[in-house]
Amino acid sequence: MITPAFELTQDLDFLTIIIKVPYARASEFDVYFEGEDFKFYAKPYFLRQLTLPGRIVEDGREKASYNTDEGTFTIWLPKEVPGQYFEGLDMLTSLLAPKKSRSAKPLVEEIAASAELSEEEEEEFDWEIEQTPYEESSESAPPLQHPYGFGNLRAGVFQRLQDELSDVIDIKDPDQTPADERRRKRLEAESAKFEPDHYLADFFEDEAIQHVLKYKPWWVDAHKKMTALQRESHQEHDTHTFVVFSEEEREQLRKFTNKSYLLDKRSRHHAYLGLIDILLAYCYEMCVNEGDKNVESSWNIRKLSATLCWLENFTCIRDVLVSFGRRVLCYPLYRHFGLVTRACSDTVMILQLGKAAVLKCLLDIHKVFRESDPAYILNDLFITDYCIWIQKVKSKKLAALSESLQKTTLTKSHMGLELEELEAAAVLVQEEENALKAAGTVSKQQLLSSESETSDSEESSSTSSSETEASDSDERESSTSEDGEINSFQGTLEEERTAPLIDCNGLRQGTDTSALGVSEETAKVSLQSASLPGKLIEELEMQMHSAMRLSEQPEGLATASCVSQEQEGNPVPEPDRFSGGTAGRGSFLEVSSKPSPLLFLCSTNEDED
């Protein structure tokens, strides 16, 4: 037989049950209801028994309908007391439980009581009670003194699976580690893991964190609606109306096996505090990922919850908050104290919405762990039991728990990580850096201004130097021009001085007739001057003979020889030589006052001759 999918709703007068039976025979179905019991059968579906939270009655107002398109039966059952509210209609696992198992009497007492029954009473034994065969424990096996899991009901799980489950929990060998030792090692690991640089980076550069803090999960809107409705009606309303379960979540609730938990007061206390710890980690995960799941979701939830990661048993709410706050500041990507306070406020909202909201969150965690290969063991140790147990918890307990959590304050000084000192030191360093930057900016501006002044002065100096160079170049040009004039003048004089030498060359290179003509003409001019002394006449004769003799020597030496012979044969001073007033040709005999190296060469040649 198949257990069909179903859901229950209510109004003031009727309890409505919607049962989904696709491909069932609508013509053959049976419905049974009386008091708190309801049963349904439509082949191949069989709803064995629903134990309702209130009584229903058969008075002729009951009715049913079948939708062939959707394959659903809808049954309306009248309430015995009109207006009565049936609590826990969303707790499907609890509704499917047998009526006897809903008794508050512990199962251990029931077993002890059954042993004292008479033989007649044993014949009426209720076979629906679950029985566990007795197994004798080995005498050599040491007793497990350090349990863990939901309500500390498990032990020995990690003895054979330590290597496979090392990525799930941080504690090594939990079966042999007492609770105090677990706490001490956890605190040491958190202190060693804390990174001040990472924390300060998220503290000063918190744009991404401020963005995720603006995200509003589904329980925020549900809480607003509940609060607004309570203010309008001035009375409390059932919180189940603000929480809606998906079909997948309902299917998971039907798959759970109903259990009864024998928890003493201390174990129940640990269970409630562990529930807060798990919800805090879940709220952080929902906030930073903005409701989306990813590969890190399983890691975030189990890493931030010391209940899941270190199998911690807390003793008070303050310890839960401090542990969660320290782990947020040590392990995940975003390590900001604002995320700690946000998770605390979200957890308060969830608890105020009641066990339906808590169950919805636990079902989401169960799905995340179920889809994660190493984390599935945490469902068996904690989450599955929490999903079943929370359906039987009284709403007053959760309301009191949320109130206690809301009153508990948490500050950075409680973390034990010197957060306030780190922030103060970082602020001082930042102020010093800003001051240095400001001073550097001022000095840079001064340097730029000085550089601009220097460049201006260099430009002015370059301008003056260019002007000076221009004036120098003008002076050089003027001096060059003057030198050119002087050189040209000297060149003219040299031409005049060398003219007789050229004539002498002409005598050497030309015809004998032209040379003789020049000589005769010179002689005639000399003879025409009657006033010239005899020595001058002799000198002219000697010059003529020298010109004839030099015609056989090289050109350069002949020229020098002419000049040399002229100087050697002229004992008369220069004024006396030019006193004769010869016109036109008298400059041929002019000799420069400056010594010429050619004179020494000519003298040498004469000596050789």
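The values are calculated or read from the model by the stated rules, or taken from the named source; none is laboratory data. As the structure is a computational prediction, the values presented were derived from the model and not from experiment. Cβ coordinates were reconstructed from backbone atoms using ideal geometry, including for glycine residues, and neighbour counts include every protein chain displayed. For accessibility, only protein heavy atoms count, side chains too; no ligands or nucleic acids. Shrake-Rupley method; radii C 1.70, N 1.55, O 1.52, S 1.80 Å.
Short to long, the 5 Å bins of the Cα pair-distance histogram for segment 356-419 hold 4, 15, 17, 14, 13, 14, 17, 5, 0 percent of all pairs.
Carbon-plus-sulfur accessible fraction, segment 5-86 (probe radius 1.4 Å, protein heavy atoms only): 49%. Among the trypsin sites (Lys or Arg not before Pro) in segment 270-348, those located in a DSSP loop and surrounded by at most 15 other Cβ atoms within 10 Å of their own Cβ are K293.
Coupling constants for segment 360-368 follow from the phi torsions by the Karplus curve (6.51 cos²θ - 1.76 cosθ + 1.60, θ = phi - 60°), and in residue order they are 4, 5, 5, 5, 5, 4, 4, 5, 4 Hz; glycine and proline get x. Taken per residue, the accessible surface of segment 1-78 reaches 55 Å², heavy atoms only and a 1.4 Å probe. Return the subset of K255/K355; K214/K293; K360/K412 for which the Cα-Cα distance in this structure is over 21 Å, preserving the input order. Violating the 21 Å limit, Cα to Cα: K360/K412. Accessible area per residue for segment 159-420, computed on protein heavy atoms with a 1.4 Å probe, is 45 Å². Loop-resident trypsin sites (Lys or Arg not before Pro) (DSSP state other than H, G, I, E or B) in segment 6-68 with no more than 13 further Cβ atoms inside 10 Å of their Cβ: R25, R61. Potential lengthening of the chain between T441 and A155 amounts to 96.3 nm, from the contour at 0.36 nm per residue minus the alpha-carbon distance. These residues, K225, K360, K185, go from largest to smallest accessible area, 1.4 Å probe, as K225, K185, K360. Gap in Å between the Cα centre of segment 19-35 and the Cα centre of segment 325-369? Comparing the Cα centres of segment 325-369 and segment 19-35, I get a distance of 41 Å. Pairs spanning more than 29 Å between alpha-carbon atoms, out of K79/K224; K185/K216; K259/K407; K224/K394; K193/K392; K20/K397: K79/K224; K185/K216; K259/K407; K193/K392; K20/K397.
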